[in-house]
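Take a look at the structure set out below.
Every read-out reported here was derived from the displayed coordinates using simple, explicitly stated rules and does not represent laboratory data. Everything numeric in this text was worked out from a predicted model, so none of it was measured. Backbone-built Cβ (ideal geometry, glycine too); neighbour counts: all protein chains shown.
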Amino acid sequence: MVSRKKLTVGLFGFGCVGYGLYEVLEKTAGLKANIKWICVKDKSKSRQIPMDRFTFDANDILNDDEINTVVELIDDADAAFEIVKAALKKGKAVVTANKKMIADHFTELLQLQKQYDVPLLYEAACCASIPIIRNLEEYYDNDLLESIEGIVNGSTNYILTKTSDEHISYADALHEATLKGYVETNPALDTGGYDAKFKLLILIAHAFGVVAKPDEIFNLGIDRLGDLELNYAREKGLKIKLVAYAEKALNGKIKAFVLPKFVHKTDKLFNVDDVFNGVKTKSYFSDTQFFVGKGAGAYPTASAVLSDISALTYDYRYEYKKMDLTESLETDNHISLKILLRHNLLNGPEFEKHFEEINESYRNQESGYTIGIISLKELKEIVAYHDPDSSIILCEVCNAKPMLIS
């Protein structure tokens, strides 16, 4: 029987996730983990547990030799990085849920883990209750992974579900999601597709061994959705989902982006609604597999943090086995997409010049849409117009071919 290591934890942040984690650890002796100190900023805020468990000085945790594990659950990505960096340098294992911090500093975090020989786990940073990172690390280690595609942001999926099922406006659905606490402090991180991009960056590293920078992955969110696209989806029996996509092309390069997408009812993502996340993987030997689970809310996130803490009791760490591969991101002009572009009447003719092929075009007295094939490079040029009356929905990725085995 494998013995488990005892963890003494220093916790940074005590919001909904932090409190949920505290409750579980206090009630689950079998985990062999206990929280010694909880570091927070606000001295005046009332807490659900006695104040003698709290400190307001990060050094009380970072300089405590008894604490061998730091759990970071704060909103501020810059402050989170300083905490995580200091903890790793002190030889403490770290668990974090901060996807922006990881995406912004992935290379440096890799180096710190190697230099100080300590693990950094972050399952909660991607799809909350879905253990997708560990599956990419372990299960797909010896399989030839072709693509990964999924709904990785529960907040936007909740909004899109409301617009689809209840036929309410995007603005009303966003307001409801905000009231329920599903949306980030800065809503644009969710609705602009940035949160999904940060998560995709992490998934690409574990799926294909490619370490990208956030500005290298194109993202569009759902914040420009209008009635025309929503009605089009209803009439065609489709749903709109914010999808993160990465595919290994024949040349070994990785196509990656985040876009709203029309999803057909035959697609497994079609029935992933509310705050749920869903991820599809496709590989040469095992073909398509599907993961689904709650992607927003305190308890789903806390469950992933708890899983990482449990893994640390067995000295688990990511091995990053694919990092020695030579894959890189595909150039924009080699990524072809079939899209629906909503536009005003004035810009329509100019925008259509960017398309390689036009399959359908529609105009009414106020606006119109164009459906056709366009390269990601040309799509970016349309986005650069910053036209508030335009909106882009992905129909399909073109030229998606199976990977060859050499």
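What to note about this one:
- Here Lys241, Lys280, Lys268 are screened, and the one residue that is surrounded by fewer than 21 Cβ atoms within 10 Å (Cβ to Cβ) and under 18 Å from the mean Cα position of the chain (by Cα) is Lys280.
- Here Val183 meets each of (1) within 13 Å of Ala244 (Cβ to Cβ); (2) not in a helix (DSSP H, G or I) with one exception, condition (1).
- For segment 113-145, taking the residues that are touching a residue at least 40 places away in the same chain (Cβ under 8 Å) and aromatic (Phe, Trp, Tyr), the one that is surrounded by the most Cβ atoms within 10 Å (Cβ to Cβ) is identified as Tyr122.
- Within segment 190-204, being surrounded by 24 or more Cβ atoms within 10 Å (Cβ to Cβ), without any contact (Cβ under 8 Å) to a residue 40 or more places away in the chain and of a type outside the set (Val, Ile, Thr) holds for one residue alone: Asp190.
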